[in-house]
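Reviewing the structure listed below.
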Amino acid sequence: VFDALNDTRNLQTAITAAKEAGGHCQTAISYTTSDVHTIDYFVTLAKEMASFGADSICIKDMAGVLMPQTGFELVSRIKDAVDLPLEVHTHATSGIAEMTYLKVAEAGADIIDTAISSFAGGTSQPATESVAMALEELGFDTGLNMTKVAEVAEYFNPIRDRFRNEGLLNPKVKDVEPKTLIYQVPGGMLSNLLSQLTEQGLQDKYDEVLAEVPKVRADLGYPPLVTPLSQMVGTQALMNVISGERYKLIPNEIKDYVRGLYGRPPAPISDEIKQKIIGDETVVTVRPADLIAPQLPNFEEEIKEYAKSMEDVLMYAVFPQQAKDFLGRREDRFYDVPLQTVNVKIDY
C-alpha cells in the first residue's frame, strides 16, 4: 500500500481493510529527493505507517536515485525507529543500484528486489545472480540455489531476444542513464515518454522534455514521481515543450492535483502556479476520500451482467473499459462464440 504523495491520510483505510481481511500489509515510502525529502522526513513516515498497523515497510525508489551512503543512513535510521521488516526497492536506471543494495544490506535491510539477468539492468532492477553472489561474498546467506537461478535465466534469454528483435523491447530502456539523478525520472516514466514522443515523431524533443520534468515537479510541490504523479508530471512537461508555452495546455488530472484532490503536496504550491492552473478555485485541505460517496454498489450494478466475483468488480473499478471488454470476451467464450467474431481493441 502506498500513496504517491506520502500523504498518510490516504493509507489508513487501505491498511485497516487489509488487516481486517487477514492480510500482511506492507506500506511503501515513495522515495525521492528534494529539500523537503530529508532522512528525518522518511523516518517520520515510517513511524506513522507502523502506528497505523503496517506489517512491513518498503522504501520504494522508483527512479533509482537512492545513493549508497544515503541508503545506508536511511535504512539504519528506520531500523532503529521501527521494529518491522524493511524492504528496499530500486531500479538500475542511473547505474548506482548495485552499490546501493550492498550498502543497505550492510545497514540491515531485510529484503531487496532484483530481476533475473535476462530482463535486468536499465529501467529494470539489478541482476539477481550478480547481487546474490556479491552478497554471499560479504557473508550474507541469500538462500538462493544459483544453479536453479541460471536455469531460469536460460529459459528467459530467448524470450528477451525475441522481444528485442520484434521491437517490443526498446534497447534504450536498457541503457544506463546517469541523468536520472538530475531529472528524477523513474524507468517506467522514461519508457512511456519515449513511446509518446516516438508515436508523434518527436524523438528529438526527448532531452528537452526530460529537462522540463524537474521544473514541473518543483512547480507542483515536489511530488515523488510514482504512479499516477509520474505520468501526470511527464504529460505536463510534454505539453509544455510541444505547445511552446508553459501551462498553456493543462490536463484535468493536474488541475485536480492542484485542487488538492490527490492529497497534500510535500511542499506548498505557489499562489502564482495555483492561479495559472486553477484560477481562484478553492483548494481541498481535508482527506480527499472524505468527499467521495461509497462507489462499490455502483460498480457492482454497472458490471453485474459480466462480473462473477468480487475480483471482477474490483477490476472494473480500476480499469472500467478494459475490464468490460475482457469480461465480455470471457462471456463470449463461455457461450462458444467464435473468437474471430469478437473485434475489441484494448488500449493499455
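Every read-out reported here was derived from the displayed coordinates using simple, explicitly stated rules and does not represent laboratory data. Worth saying up front: this structure is predicted, and the values here are computed from it rather than measured. Here Cβ is always computed from backbone atoms with ideal geometry, including for glycine, and neighbour counts include all displayed protein chains.
Relative to the globular-protein estimate of 2.2 N^0.38 Å, the Cα radius of gyration of region 1-157 stands at 1.07. Annotation: amide H of Ile29 within the under-5 Å range of Cys58, Ile59, Lys60, sequence separation 5 or more or interchain, hydrogens built in the peptide plane. Structure note, pairs Lys148/Lys174; Lys274/Lys304; Lys79/Lys308; Lys103/Lys148; Lys255/Lys308: Cα-Cα distances above 32 angstrom occur for Lys274/Lys304; Lys79/Lys308; Lys255/Lys308.
Its relative contact order, with pairs defined as Cα atoms under 8 Å and 6+ residues apart, puts the chain at 13 percent. Farthest toward the positive end of the dipole of the chain, out of Ile277, His89, Val313, is the Cα of Ile277, where the dipole comes from beta carbon charges about the Cα centre.
When the alpha carbon gyration tensor of region 141-258 is reduced to an equivalent ellipsoid, its three semi-axes come out at 34, 18, 12 angstrom, largest first. With semi-axes defined as the square roots of five times the eigenvalues of the C-alpha gyration tensor, the equivalent ellipsoid of region 84-145 measures 17, 14, 10 Å, largest first.
Along the chain, the exposed loop sites are GluC sites (Glu not before Pro) outside DSSP states H, G, I, E and B with at most 16 other Cβ atoms within 10 Å, and the longest stretch free of them is 1-165. Put simply, the chain fits an ellipsoid with semi-axes of 31, 29, 25 Å; these come from the alpha carbon gyration tensor as the roots of five times its eigenvalues, largest first.
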